[in-house]
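Notes to accompany the following structure.
The values are calculated or read from the model by the stated rules, or taken from the named source; none is laboratory data. Computed from a predicted model, the values in this text were never measured in an experiment. Every residue, glycine among them, receives a Cβ derived from its backbone with ideal geometry; neighbour counts consider all protein chains shown. Accessible surface is based on the protein model in full, side chains and every heavy atom, while ligands, DNA and RNA are left aside. Shrake-Rupley method; radii C 1.70, N 1.55, O 1.52, S 1.80 Å.
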Amino acid sequence: MDLNIDAWLNLALRWAHVITGIAWIGSSFYFNWLDSRLKPPSTPRQGIEGELWMVHSGGFYRVEKIDVAPETIPKELHWFKWEAGFTGITGLLLLGLIYYHGAALFLIDPGVADLSPLAAILIGLAVIAVGWFIYDGLWQSSIGKDSPGLALGICLVLLVLLSAGLPQIFSGRGAFMHVGAALGTIMVLNVWVRIIPAQTQLVAARRGGTSPDPVLATAAKQRSIHNNYMTLPVVFIMLSGHYPFVFGHSWNWAILLALFAAGAAIRHFFNLRNKGRNNYWLVPAAVVLVLFVMVAVAPRAGRDGQGEVNFAEVEAIIAQRCSTCHATNPTDENFTEPPGQVVFDTPELIRRNAQRINAQSVLTQAMPLGNMTEMTEEERDLVGQWVRAGAPIN
Ligand code: HEC
């Protein structure tokens with residue numbers, strides 16, 4: 001009996017990661033929105049900063065925001081930290097399962113850098129850990145405290161360096177995921193190391209009748225704004241594994257940064273709108289940016305294939321470069337069944353999959369996975385010619 005533990009573990013972790021991620025992002029969007037819509041009570045009440053009425057699922061709700069902190073802290077106080085915590089834990093486990101356990105498949109591309117799995121994994125973990133220490137150290141330092149503009153500039157430069165540097169070490173997909181993991185880790189630790197402790201201290205100060213340290217509160221607010229802007233870009237990275245035309249492109253890092261900018265711009269639009277300022281230009285600007293990327297990454301018309309393409313040659317290429325995995329009985333030791341149920345056992349199956357073959361191994365280099373079977377540029381060109389000639393098999 002083959003229980004297929006890897007695949008089930010993958011499913012369970014991904015499911016949990018998406019659910020906890022929705023809970024985290026959902027509550028954070030909700031509180032952002034709440035903060036922006038609260039109005040001072042029509043007849044001022046002692047200690048109430050703002051209030052708001054809502055109707056949802058057939059019930060009416062009134063929320064009040066207390067000025068700084070209540071005189072006495074209620075016995076039962078709800079915190080929001082497990083959403084972030086579990087998103088982080090499931091995310092790291094998923095990273096370990098897919099990109100570290102399967103390092104040879106998803107993390108390493110020998111055409112980029114011929115790393116051993118151990119070296120690749122250590123680099124990956126170091127990027128995530130060092131990313132946090134640099135980020136946190138910077139914002140805790142006098143630069144972060146006194147010149148936030150400069151600190152932000154440094155962070156953006158580091159983000160560009162990271163995005164441009166990782167595709168020189170990892171497969172496109174592995175590089176993207178490590179940018180996401182580094183930012184995601186920063187977001188989770190912002191909650192756990194900076195935001196929650198500031199709140200704990202606020203509660204303790206109120207209970208002990210002392211005044212809380214405003215520096216902690218300011219840092220917490222700053223980190224929560226950072227998290228807010230990172231949300232949409234990080235969600236894009238979570239989804240990016242589905243899109244080889246993005247991560248498999250030779251300008252993948254530039255595309256990543258452009259889509260990042262678009263995501264942050266949309267977030268900025270909503271942040272301003274929540275404050276009652278409508279900067280509508282941000283939305284078309286983000287759309288234009290995405291359209292520009294779409295045109296820029298569109299594959300150039302393929303090198304013109306003159307003459308007949310001999311299907312026997314294509315068949316031989318597929319057999320050598322793809323069928324180690326994509327066969328009813330794969331010979332690649334990593335697979336007991338054809339990945340994605342994609343099989344190229346017969347000419348007819350190859351013909352039927354021509355467009356997918358084109359998408360994965362000609363227009364992008366997403367396949368062969370990690371170029372494990374060392375497909376050459378000439379072979380990709382030849383397969384492309386065959387597809388453009390209408391994929392004839394005789
Ligand atoms: C080392 C194993 C391996 C080799 C070699 C390989 N693939 Fe794949 N292929 C995979 C895996 C794993 C997946 C599933 C990818 C995923 O989970 O994202 C896949 C998925 C695919 C898909 C489905 C993608 C989709 O989302 O629709 C196509 C098409 C494909 N491969 C084509 C090819 C072609 C063409 C070649 C040869 C040029 C090739 N593969 C070589 C492992 C391999």
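Only helical DSSP H runs with n ≥ 4 go in: add -39500 (n - 2.57) per run for the chain, normalise by residue count and round the 222 nm mean residue ellipticity to 500 deg cm²/dmol.
-19500 deg cm²/dmol
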Subject >> Förster radius 22 Å - calculated FRET efficiency between T200 and D35 (Cβ-Cβ, nearest 0.05) >> reply: 0.60
Subject >> Scattering profile of the chain at q = 0.07, 0.09, 0.15 Å⁻¹ [log10 I(q)/I(0), Debye over alpha-carbon scatterers] >> reply: -0.43, -0.67, -1.42
Original post:
How large is ³J(HN,Hα) for each residue in segment 354-371, as worked out from phi by the Karplus curve 6.51 cos²θ - 1.76 cosθ + 1.60 (θ = phi - 60°), to whole Hz, x for Gly and Pro?
Top reply: 3, 5, 6, 4, 4, 5, 8, 10, 10, 5, 9, 10, 5, 10, x, 3, x, 6
Original post:
Accessible area per residue of segment 311-388 at 1.4 Å probe, in Å²?
Top reply: 51 Å²
Original post:
Counting only residues 5 or more places away or on other chains, whose amide H sits under 5 Å from the amide H of E51 once H atoms are built in the peptide plane?
Top reply: K39, K65
Subject >> segment 181-259 versus segment 38-53: alpha-carbon centroid distance in Å >> reply: 29 Å
Original post:
From the backbone phi of segment 328-337, what are the Karplus-calculated ³J(HN,Hα) couplings (6.51 cos²θ - 1.76 cosθ + 1.60, θ = phi - 60°) in whole Hz, Gly and Pro given as x?
Top reply: 4, 10, x, 8, 5, 5, 7, 10, 9, 9
Subject >> Excluding exposed DSSP-loop chymotrypsin sites (Phe, Trp or Tyr not before Pro) (at most 12 other C-beta within 10 Å), longest clean stretch of the chain >> reply: 80-279
**OP:** Give the carbon-plus-sulfur fraction of the accessible surface of segment 254-394 in %, rounded to a whole number; probe 1.4 Å, heavy atoms of protein chains only.
**Re:** 57 percent
**OP:** Calculate, for segment 1-134, the solvent-accessible area per residue in square angstrom, rolling a 1.4 angstrom probe over the heavy atoms of the protein chains.
**Re:** 66 Å²
Original post:
Normalised by the residues of segment 219-270, what does the relative contact order come to in percent, with Cα pairs under 8 Å and at least six apart?
Top reply: 46 percent
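Name the longest site-free stretch of the chain, where the excluded sites are trypsin sites (Lys or Arg not before Pro) in a DSSP loop with no more than 15 other beta-carbon atoms within 10 Å.
Numbers: sites that count: R45, K75, K81, K275, R277, R300, R303.
My reading of the result: 82-274 is the longest stretch.
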**OP:** Could you pull out the GluC sites (Glu not before Pro) across segment 303-394 that fall in loop regions by DSSP (anything but H, G, I, E, B) with no more than 16 other Cβ atoms inside 10 Å?
**Re:** E308, E333, E374
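Carbon and sulfur atoms: what percent of the 1.4 Å accessible area of segment 45-193 do they account for?
69 percent
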Subject >> Rough spin-label spacing in nm, given labels placed 7 Å along Cα→Cβ, for L11 and V215 >> reply: 5.2 nm
Original post:
Karplus couplings for segment 51-65 from phi (6.51 cos²θ - 1.76 cosθ + 1.60, θ = phi - 60°), rounded to Hz, Gly and Pro as x?
Top reply: 9, 6, 9, 9, 10, 7, 6, x, x, 9, 10, 10, 10, 10, 9
Subject >> Förster radius 30 Å - calculated FRET efficiency between R45 and W79 (Cβ-Cβ, nearest 0.05) >> reply: 0.75
Original post:
What residues of segment 109-146 lie in the reach of a label at L158, counting those whose backbone N is under 17 Å from a point 7 Å from the Cα along Cα→Cβ?
Top reply: 124-146
